[in-house]
1. All but one of (1) under 15 Å from His11 (Cβ atoms); (2) open to solvent by 20 Å² or more (accessible area, probe 1.4 Å) hold for Cys75; state the number of the condition that does not hold.
2. Here are some conditions: (1) assigned to a helix (DSSP H, G or I); (2) over 10 Å from the mean Cα position of the chain (by Cα). Glu59 meets all but one. Which one does it not meet?
3. Residues of segment 62-86 being part of a helix (DSSP H, G or I) and either under 10 Å from the mean Cα position of the chain (by Cα) or not basic (Lys, Arg) (or both), which ones?
4. Would you please name the residue that is surrounded by the most Cβ atoms within 10 Å (Cβ to Cβ), looking only at residues in segment 1-27 that are at pLDDT 95 or above and small (Gly, Ala, Ser)?
5. I'd like the residue in segment 28-43 that is touching a residue at least 24 places away in the same chain (Cβ under 8 Å) and open to solvent by less than 70 Å² (accessible area, probe 1.4 Å) and, out of all such residues, is nearest to Lys15 (Cα to Cα).
6. Pick from segment 44-56 the residues that are within 12 Å of the chain's Cα centre (by Cα) and surrounded by fewer than 20 Cβ atoms within 10 Å (Cβ to Cβ): which of them is farthest from Thr21 (Cα to Cα)?
7. Count, please, the residues in segment 33-55 that happen to be modelled with pLDDT of 95 or more and at positive phi.
8. Among the residues of segment 26-38, are any more than 20 Å from Asp90 (Cβ to Cβ) and among the charged types (D, E, K, R)?
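The values are calculated or read from the model by the stated rules, or taken from the named source; none is laboratory data. Values in this document were obtained by computation on a predicted structure and should not be read as measured data. Neighbour counts run over all protein chains shown; Cβ positions are idealised from the backbone, glycine included. These area figures cover heavy atoms from the full protein model, side chains too; ligands, DNA and RNA do not enter into them. Shrake-Rupley method; radii C 1.70, N 1.55, O 1.52, S 1.80 Å.
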Amino acid sequence: MNIQQVDDNKHGIFKLFNGETVAAEMAYTWAGDTMLIIDHTDVSDQLRGQGLGRKLLNELVTFARGRNIKVIPLCPFAKSVFDKDLSIHDVLKV
C-alpha cells in the first residue's frame, strides 16, 4: 500500500492505494496559507478496522509539521483521533 497526495492549493486529498485501487482517502480544504480543515475520511468497507484512516492522518500530520500548518479536524474520525492522541496536538488549531 502506498499513499499519494494531490493538492490544488484550494483542496487536497491523501489517497491510500492497495495496488491500483483506492483503499482509503482523507480530504482537506485550505483555510488560508497556514491552516487546513480535514473534511472527511473514507475507508473501503472491506478494509475498515485495519488502521488505514490513522495512516492517512499520520501522513497529513507529517505534511502539516513540515510546513508549519495548523489543522482543524471537522471530520468525525480525525476529530476523535485528535481528542485521544496528545502527541499530534502540536498541529491542532486551538
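1. Going through the list (1) under 15 Å from His11 (Cβ atoms); (2) open to solvent by 20 Å² or more (accessible area, probe 1.4 Å), Cys75 breaks only (2).
2. With respect to (1) assigned to a helix (DSSP H, G or I); (2) over 10 Å from the mean Cα position of the chain (by Cα), Glu59 is out only on (2).
3. Let us first name the residues in segment 62-86 that are part of a helix (DSSP H, G or I), namely 62-67, 76-84, 86.
Correct list: Thr62, Phe63, Ala64, Gly66, Pro76, Phe77, Ala78, Ser80, Val81, Phe82, Asp83, Leu86.
4. Among them, the one singled out is Ala24.
5. First pass over segment 28-43, keeping only residues touching a residue at least 24 places away in the same chain (Cβ under 8 Å): 28, 31, 34-41.
Cutting the leftovers down to open to solvent by less than 70 Å² (accessible area, probe 1.4 Å) gives us 28, 31, 35-39, 41.
Details: Tyr28: 12, Ala31: 20, Met35: 20, Leu36: 17, Ile37: 16, Ile38: 13, Asp39: 14, Thr41: 10 Å.
Of everything passing the filter in segment 28-43, Thr41 is nearest to Lys15 (Cα to Cα).
6. Keep residues of segment 44-56 that are within 12 Å of the chain's Cα centre (by Cα), which gives 52-56.
Filter once more, keeping what is surrounded by fewer than 20 Cβ atoms within 10 Å (Cβ to Cβ): 54-55.
On the way: Arg54: 18, Lys55: 16 Å.
In this case the residue turns out to be Arg54.
7. Number satisfying all stated conditions: 1.
8. Let us first name the residues in segment 26-38 that are more than 20 Å from Asp90 (Cβ to Cβ), namely 27, 29.
So of that shortlist, the ones also among the charged types (D, E, K, R) come out as none.
Checked segment 26-38: no residue is more than 20 Å from Asp90 (Cβ to Cβ) and among the charged types (D, E, K, R).
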